[in-house]
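Asker: Right, I'll just put the structure down here and ask away after.
The values are calculated or read from the model by the stated rules, or taken from the named source; none is laboratory data. If you're wondering where the values come from, they're calculated on a predicted model, not measured in any experiment. Counting neighbours? That spans all protein chains shown, and the Cβs are built from the backbone with ideal geometry, glycine included. Please note that ligands, DNA and RNA were not included when accessible areas were found on the heavy atoms of the full protein model with its side chains. Shrake-Rupley method; radii C 1.70, N 1.55, O 1.52, S 1.80 Å.
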Amino acid sequence: MTSAPAPLISLDDCEELTVGRVHDLYRGYVNRSQVSLMTSFGFGRELVSHAEGAWIHTRDGRRILDFTGGVGVLNHGHNHPRILAARKRFQEQRRMEVHKTYFSPYVAALGHNLAQLLPGDLSMSFFPNSGAEAVEGAVKLAYKYHGGRRRQILHADISFHGKLLGSGGLTGSVQNAFAFPTIPGVSTFAYGDLDSVRAAVAGARDAKGGCDVYAVLIEPFSASTMTECSEEFLRGLRELCTAEDIVLIFDEIYTGWGKTGSLFHFMRYPGLVPDVVTTSKSFGGGKSSISAFVARESLFRKAYDSLSDAMLQSTSTTYYGFGEETATAIEAVNIAVEDDYPARARDIERVLAPGLERLRKQYPEIIADVRGSGALFGVFLDGGPRVLDLAAKLAPGGLARDPLLRTKLITCAVINAMYQEHGVYLYYTLNGRSPLVAAPPLVAGPAEVEIFLDAFEQTLSKGLTRLLTAFIKDKAVSRWA
């Protein structure tokens, strides 16, 4: 005899759940290993009460400086008052904007605004829900532009474009190391190396000797590796793609809306215009799950501007242009422009960059490198006691084969100390050399940057042996708590 199902959890019940109960529910219904991983850190053993601007407030009364920037989502910070007001207004007026067969003033206005802000004839916009969907929509557009006659697409070897089957296959990150099936005809080139792109294009010829590459996908600034393309490379890539009629796609999902000091990273180079640009993350103001790919008008018209093809694009998805999401994005874009988010990022850089460089010189045995732009910097940690090499060899399963295990252990120890002892929330990437990321929201100011730098200096002054010992001890205690 089967037992009766447990009562459903209400919203009121949810807000009263203890952290232990949340862990149990994750183990049973979400991902058991995620609990094991995240409880290694202090933030995995606390619940958030509320958040505002650059600050998180936990249920037990701690005030945490969020220096993750929501991994690109929170340029506007947590719960920006204008974003909240825009969503409240939409709800109180009982707007619908769900069924896509009604024309939406919000979709129309958002498309118009993007066309005014982007260079050249980047003017045709499409609004899916996630960055990975935007990338796949852009690739689909490029394939359709060539009528399916070209079969190959190129991406960089250190790229990160998403984790869906298509976008995952276009990602050079170790995060997507498992061999999932993907779209056919995918090849790589060395990031920032124009000769490598030329060689890949030259090697992709059809039976008649014509170019068989329909698109090149590139991040002008790689937020997962803190590496950026030179102006010379990007202009050379544009010239090559124009000569071969290859669709050039810039992925600016993380770096859009001012994060690196220009509205989009590529826009610091006058006259440089891709065929398609993607955006997401902070595009939704920290509250809306929305993305976009914006195409040049000539490209769009050849691909989709006919009655028979109009519904092949992203407007055929259920949540395309969902009303509250597009209304939120309109407000988010206006805030980024009116409050000059690129200038805010440059103001942050003027304090953050020299501060990190000073610490690199002060602790050369710990900090191997510092790289970044605007309000997006990576700190590459290294060193540590020799016992780490033994620990790496004795680690279970795939961990022992990870050449960056030492770096990741050191970085995790720093992240844990910064959170536990100083109330500063950080993360590190799983791509490239796994840098520690300092990426405050653009509503942060010099005062918040100084808080981070002071805490980071105090943390580094403890030395790696003490930091690692404390992290391992803390992790052991958390497993038995």
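Asker: TYR102 is checked against (1) within 26 Å of the chain's Cα centre (by Cα); (2) open to solvent by 60 Å² or more (accessible area, probe 1.4 Å) and fails just one. What number does that condition carry?
Answerer: All conditions are met except number (1).
Asker: May I pose another question? Is one or more of the residues making up segment 256-267 closer than 29 Å to ALA204 by Cα, in contact with a helix residue (DSSP H, G or I) (Cβ under 9 Å, 6 or more places away or on another chain) and not acidic (Asp, Glu)?
Answerer: There is at least one residue in segment 256-267 that is closer than 29 Å to ALA204 by Cα, in contact with a helix residue (DSSP H, G or I) (Cβ under 9 Å, 6 or more places away or on another chain) and not acidic (Asp, Glu).
Asker: Now a separate question. Return the total of residues in segment 69-86 being surrounded by fewer than 18 Cβ atoms within 10 Å (Cβ to Cβ) and either touching a Lys or Arg at 6+ places or on another chain (Cβ under 6 Å) or on the phi > 0 side of the Ramachandran plot (or both).
Answerer: 2
Asker: Further question: Which ones in segment 422-445 are touching a residue at least 24 places away in the same chain (Cβ under 8 Å) and more than 22 Å from GLY53 (Cβ to Cβ)?
Answerer: Those that are touching a residue at least 24 places away in the same chain (Cβ under 8 Å) and more than 22 Å from GLY53 (Cβ to Cβ): THR429, LEU430, ASN431, GLY432, ARG433, SER434, PRO435, LEU436.
Asker: Which number in (1) farther than 30 Å from TRP55 by Cβ; (2) surrounded by 15 or more Cβ atoms within 10 Å (Cβ to Cβ) marks the one condition that GLY120 misses?
Answerer: With (1) farther than 30 Å from TRP55 by Cβ; (2) surrounded by 15 or more Cβ atoms within 10 Å (Cβ to Cβ) applied to GLY120, the lone miss is (2).
Asker: Consider VAL216 carefully, then state whether it is β-branched (Val, Ile, Thr) and assigned to a helix (DSSP H, G or I). Walk me through how you get there before you give the answer.
Answerer: Numbers: β-branched (Val, Ile, Thr): yes; assigned to a helix (DSSP H, G or I): no.
So VAL216 does not fit the description; no.
Asker: Can you name every residue in segment 190-210 that is more than 27 Å from THR255 (Cβ to Cβ), touching an Asp or Glu at 6+ places or on another chain (Cβ under 7 Å) and open to solvent by 10 Å² or more (accessible area, probe 1.4 Å)?
Answerer: ARG205, ASP206
Asker: Go through segment 242-334 and tell me which strands (runs of 3 or more DSSP E), entirely inside it, have 2 or more residues that are within 15 Å of ASN113 (Cβ to Cβ) and open to solvent by less than 10 Å² (accessible area, probe 1.4 Å).
Answerer: 276-279, 292-296
Asker: If you take just the helices (runs of 4 or more DSSP H) that sit entirely in segment 28-135, which of them hold at least 3 residues that are closer than 30 Å to ASP251 by Cβ and acidic (Asp, Glu)?
Answerer: Fully inside segment 28-135 and qualifying: nothing.
Asker: For ILE153, indicate whether it is hydrophobic (A, V, I, L, M, F, W, C) and under 14 Å from ILE218 (Cα atoms).
Answerer: In short, yes.
Asker: Would you say ILE183 is in contact with a helix residue (DSSP H, G or I) (Cβ under 7 Å, 6 or more places away or on another chain), within 30 Å of MET226 (Cβ to Cβ), hydrophobic (A, V, I, L, M, F, W, C) and outside any helix (DSSP H, G or I)?
Answerer: Yes.
Asker: Also, quick follow-up: Regarding segment 336-343, can at least one residue be identified that is of a type in the set (A, V, I, L, M, F, W, C), open to solvent by 50 Å² or more (accessible area, probe 1.4 Å) and closer than 30 Å to PHE103 by Cβ?
Answerer: Looking only at segment 336-343, we keep the residues that are of a type in the set (A, V, I, L, M, F, W, C), and these are 336-337, 343.
When the remaining residues are screened for being open to solvent by 50 Å² or more (accessible area, probe 1.4 Å), the result is 337.
Of the ones still in play, those that are also closer than 30 Å to PHE103 by Cβ are 337.
Yes, segment 336-343 has at least one match.
Asker: May I ask you to list pairs of residues, at least six apart or on different chains, whose Cβ atoms are under 9 Å apart, with the first in segment 446-465 being within 16 Å of ASN416 (Cβ to Cβ) and the second being at pLDDT below 95 and part of a helix (DSSP H, G or I)?
Answerer: Note: pairs meeting the criteria are THR459/LEU467; LEU460/LEU467; LYS462/ALA470; LEU464/LEU388; LEU464/ILE410; LEU464/ALA413; THR465/VAL387.
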